[in-house]
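Worksheet: one structure, shown below.
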Amino acid sequence: MSIDKNAGSGKVSTGHKIQRKKMRLSSPNPTTIIIFGGTGDLTRRKLLPALLELKALGMLPECFNIVGFATRPLTDETYREFATTALKEFSSTREKDEDVISALLSNTHFVSSAFDDQSGFNKLSEKLTEIDDTNGIATNKLYYLATPPSFFHTIVSMLAGANLTNKSFIPTKIESSLKSPPTQKIIIEKPFGKDLESAETLNKLLLKEFEEDDIFRIDHYLGKETVQNILFFRFANGIYEPVWNRKYIDHIQITVSENHGVGSRGKYFEEAGILRDMFQNHIIQLIALVGMEPPINMEAESIRSKKIDLLKSLRPITKDMVNTQTVRGQYLKGRDEDDEIKAYKEENNVSPTSKTETFTALKLFIDNWRWSGVPFYIRTGKRLKERLTEIAVFFKEVPHCLFTDFVGGCPNNNKLIIKIQPDERIIFCFNIKVPGAPDRLEEVQMDFSYSETYKTELPDAYERLLYDCMIGDSTLFPHREDIKASWSFVTEILEGWEELEGLEISTYDPLSWGPKEASDLIEKDSRKWRNT
Ligand SMILES: NC(=O)c1ccc[n+]([C@@H]2O[C@H](COP(=O)([O-])OP(=O)(O)OC[C@H]3O[C@@H](n4cnc5c(N)ncnc54)[C@H](OP(=O)(O)O)[C@@H]3O)[C@@H](O)[C@H]2O)c1
């Protein structure tokens, strides 16, 4: 389907290529980003390329400094070389402009230290003072914890020990005389805790050292354009909101599937499992955006409060319900054409008797006026048939079928599909008469694709999130209450599963859609998963 973005506006369409450069104009205040884990995979593949793109778009402040922090013995100079290599390998702007890379890295520094060594943090403090003195500006500090979660507590405590946190910071005379003194913000990578108790402990520690407004808990799904678009789509189009409720919606399916296995992340995955790795953060956020009530405006606080209301309305899946409302599965070994696929239990750093789930399917309910009685079916897993993230809203069937004798039979439910990965689309499925055939009914689709309409690559989620941190916009970051509500829901399921510890979990073939029990979960309600 072709879409004219100017239709109805009275403007002449001048083509769809969007100049991303022109989309945002404000530049953040002078900033120094300190990346703990500055040599890690996330920094190389995501953070540095996102910063480069922001630089290329003119969205970084003129005074912008990077400090890497990790154990390996690098100097400022060798870290710059390290970062250049990473950018050349992973950034899409790499061929465009060597000058942009040099400009981004012109103020790049490194502190070589272990995270549990206070003297390293004192060195960091000296380095930060040196950077500000050289620039003649008191820069805002942005601490990015791009490290395994086991280091989060240590790093926050060490930052406090060096008076570098928001609440321990001792401003100089000049800094306290400034109209807006420099800020200290912290960005925490996922996973945020491993259950309700550990998430609460981490929240408490963070709140001891930083204000809630200065804590940015990353869920990179929220930085994706299509995820943000869920709210725009729902609240900028008058025709959907009246039918977005139990009267018109039969059920909702959310699928987040990956076709690869755990790869080198066996150790982490053994402790996490897919419920913690995917559901507690990304999928819960999707449920909140699809299900929340309209906010009073698009301010962070308004959106957050509606999301939190929704998450608090999730009906708990208690221990006695886990058997009927959840399915756990683990992939077996198999083949992909000529390649052998290892079973989960054969992956590196995975126990041969592991009971960690690589797949889960859930049936859940939201106990409020809008969603009462509408099931949400969720499935997520590794080594599934394809890489896909989508939300499928199934509207109710027509009240009376006039087409029982027609080829094609009774019409399918209308469906609205919001695809998030691998390609960002919104598809509406409806039924029509097949031309020329008097008695043929068929389902067709209206299909909007971001890339086909805007003919530009969508910004990476980290670009948007890093920019928002710098300007202090927390709309796209889960609040501590989101985290609390999502962990309460998930911890109850985990505890229920623990009680079933003696039982084997279901298994599934790689490149399938998961265990048979997942189909049973939905088919016993006379419904079917999409794509199966
Ligand atoms: N990788 C991704 O694509 C991705 C995606 C989403 C979320 N995440 C999250 O991002 C975080 C980082 O993941 P990652 O994949 O980047 O991890 P990683 O590749 O293992 O990097 C770990 C970093 O921490 C440093 N480090 C480790 N132990 C240290 C210590 N004792 N003292 C000082 N530095 C130490 C390492 O540097 P040295 O070896 O030089 O010390 C390295 O820079 C995790 O929370 C992960 O869940 C990652």
Some residue of segment 350-361 being open to solvent by 10 Å² or more (accessible area, probe 1.4 Å) and assigned to a helix (DSSP H, G or I): no
Residues satisfying the stated conditions in segment 162-184, i.e. open to solvent by 50 Å² or more (accessible area, probe 1.4 Å) and either within 16 Å of the ligand (Cβ to nearest atom) or among the charged types (D, E, K, R) (or both): 167, 173, 179
Strands (runs of 3 or more DSSP E) contained in segment 388-493 and holding at least 2 residues open to solvent by 50 Å² or more (accessible area, probe 1.4 Å): 425-433, 441-449
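Of everything in segment 310-341, what is open to solvent by 90 Å² or more (accessible area, probe 1.4 Å) and either farther than 25 Å from residue 481 by Cβ or in a loop (DSSP other than H, G, I, E, B) (or both)? Give them in sequence order. Explain how you work it out, then say what you get.
Taking segment 310-341 and keeping what is open to solvent by 90 Å² or more (accessible area, probe 1.4 Å), we get 312, 319-320, 323, 333, 335, 337-340.
If the condition is that a residue be open to solvent by 90 Å² or more (accessible area, probe 1.4 Å) and either farther than 25 Å from residue 481 by Cβ or in a loop (DSSP other than H, G, I, E, B) (or both), then 320, 323, 333, 335, 337, 338, 339, 340 are the ones that fit.
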Cross-chain or 6+ apart pairs with Cβ under 6 Å, segment 507-531 first and closer than 27 Å to residue 373 by Cβ, then open to solvent by 40 Å² or more (accessible area, probe 1.4 Å): 513/385; 513/532
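Residues to consider are 109, 153; find the one that is open to solvent by less than 50 Å² (accessible area, probe 1.4 Å) and within 30 Å of the chain's Cα centre (by Cα). Quick ask: steps written out before the conclusion?
Working: 153 fails: open to solvent by less than 50 Å² (accessible area, probe 1.4 Å).
The conditions single out 109.
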Near pairs, Cβ below 7 angstrom, 6+ apart or cross-chain, from segment 319-331 (over 18 Å from residue 270 (Cα atoms)) to any residue that is open to solvent by 40 Å² or more (accessible area, probe 1.4 Å): 319/495; 319/499
Search result, residues across segment 55-74 that are away from the ligand (no atom under 13 Å from the Cβ) and in contact with a Phe, Trp or Tyr (Cβ under 6 Å, 6 or more places away or on another chain): 59
Segment 35-54 - residue that is buried (at least 21 other Cβ atoms within 10 Å of the Cβ) and among the small types (Gly, Ala, Ser) and, of those, nearest to the ligand (Cβ to nearest atom): 37
Residue that is surrounded by the fewest Cβ atoms within 10 Å (Cβ to Cβ) [pool: residues in segment 122-147 that are within 16 Å of the ligand (Cβ to nearest atom), within 13 Å of residue 109 (Cβ to Cβ) and touching a residue at least 24 places away in the same chain (Cβ under 8 Å)]: 127
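Residue 257: out of contact with any helix residue (DSSP H, G or I) (no Cβ under 7 Å at 6 or more places or on another chain), small (Gly, Ala, Ser) and away from the ligand (no atom under 14 Å from the Cβ), yes or no? Reasoning before the result, please.
Values: out of contact with any helix residue (DSSP H, G or I) (no Cβ under 7 Å at 6 or more places or on another chain): yes; small (Gly, Ala, Ser): yes; away from the ligand (no atom under 14 Å from the Cβ): yes.
It is true that residue 257 is out of contact with any helix residue (DSSP H, G or I) (no Cβ under 7 Å at 6 or more places or on another chain), small (Gly, Ala, Ser) and away from the ligand (no atom under 14 Å from the Cβ).
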Complete set of residues in segment 494-516 that are among the charged types (D, E, K, R) and part of a helix (DSSP H, G or I): 495, 498, 499, 516
Failed item, numbered, when residue 88 is tested on (1) under 16 Å from residue 32 (Cα atoms); (2) among the basic types (Lys, Arg); (3) surrounded by fewer than 17 Cβ atoms within 10 Å (Cβ to Cβ): (1)
Any hit, segment 194-203, residues being in the same structural domain as residue 356 (by TED's automatic domain parsing), closer than 26 Å to residue 491 by Cα and modelled with pLDDT of 85 or more: no
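Might you check whether a residue that is in a loop (DSSP other than H, G, I, E, B), within 19 Å of the chain's Cα centre (by Cα) and closer than 22 Å to residue 380 by Cβ occurs anywhere in segment 517-526?
Applying the first criterion (in a loop (DSSP other than H, G, I, E, B)) to segment 517-526 yields 524-526.
Subsequent filtering for residues that are within 19 Å of the chain's Cα centre (by Cα) retains none.
No, there is no match, as no residue in segment 517-526 is in a loop (DSSP other than H, G, I, E, B), within 19 Å of the chain's Cα centre (by Cα) and closer than 22 Å to residue 380 by Cβ.
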The one condition in (1) in contact with a His (Cβ under 6 Å, 6 or more places away or on another chain); (2) under 28 Å from residue 274 (Cβ atoms); (3) aromatic (Phe, Trp, Tyr) that residue 454 fails to fulfil: (2)
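Could you grab me the full set of residues in segment 240-281 that are among the hydroxyl-bearing types (Ser, Thr, Tyr) and assigned to a helix (DSSP H, G or I)? Talk me through it step by step, then tell me what you get.
Quick first cut of segment 240-281, residues among the hydroxyl-bearing types (Ser, Thr, Tyr) only: 240, 248, 255, 257, 264, 268.
264, 268 - these are the residues of segment 240-281 that are among the hydroxyl-bearing types (Ser, Thr, Tyr) and assigned to a helix (DSSP H, G or I).
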Of all residues making up segment 112-121, the number that are buried (at least 21 other Cβ atoms within 10 Å of the Cβ) and more than 12 Å from residue 34 (Cβ to Cβ): 1
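Return yes when residue 210 is crowded, with 20+ Cβ neighbours inside 10 Å and within 21 Å of the chain's Cα centre (by Cα) and no when it is not. Walk me through how you get there before you give the answer.
On the way: crowded, with 20+ Cβ neighbours inside 10 Å: yes; within 21 Å of the chain's Cα centre (by Cα): no.
For residue 210, the condition - crowded, with 20+ Cβ neighbours inside 10 Å and within 21 Å of the chain's Cα centre (by Cα) - is not met.
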Number of positions in segment 213-227 that are open to solvent by 20 Å² or more (accessible area, probe 1.4 Å) and over 16 Å from residue 474 (Cβ atoms): 2
Hits in segment 366-383 - residues which are open to solvent by less than 30 Å² (accessible area, probe 1.4 Å) and of a type in the set (Phe, Trp, Tyr): 371, 376, 377
All positions within segment 446-475 that are of a type outside the set (D, E, K, R) and free of Cβ contacts under 8 Å to residues at least 40 places away in the same chain: 449, 451
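The values are calculated or read from the model by the stated rules, or taken from the named source; none is laboratory data. Predicted model only: the values in this text are computed from it and were never measured. When we count neighbours, we look across all protein chains shown, and the Cβ atoms used for this are built from the backbone with ideal geometry, even at glycine. Keep in mind that these areas ignore ligands, DNA and RNA; they rest on the heavy atoms of the full protein, side chains included. Shrake-Rupley method; radii C 1.70, N 1.55, O 1.52, S 1.80 Å.
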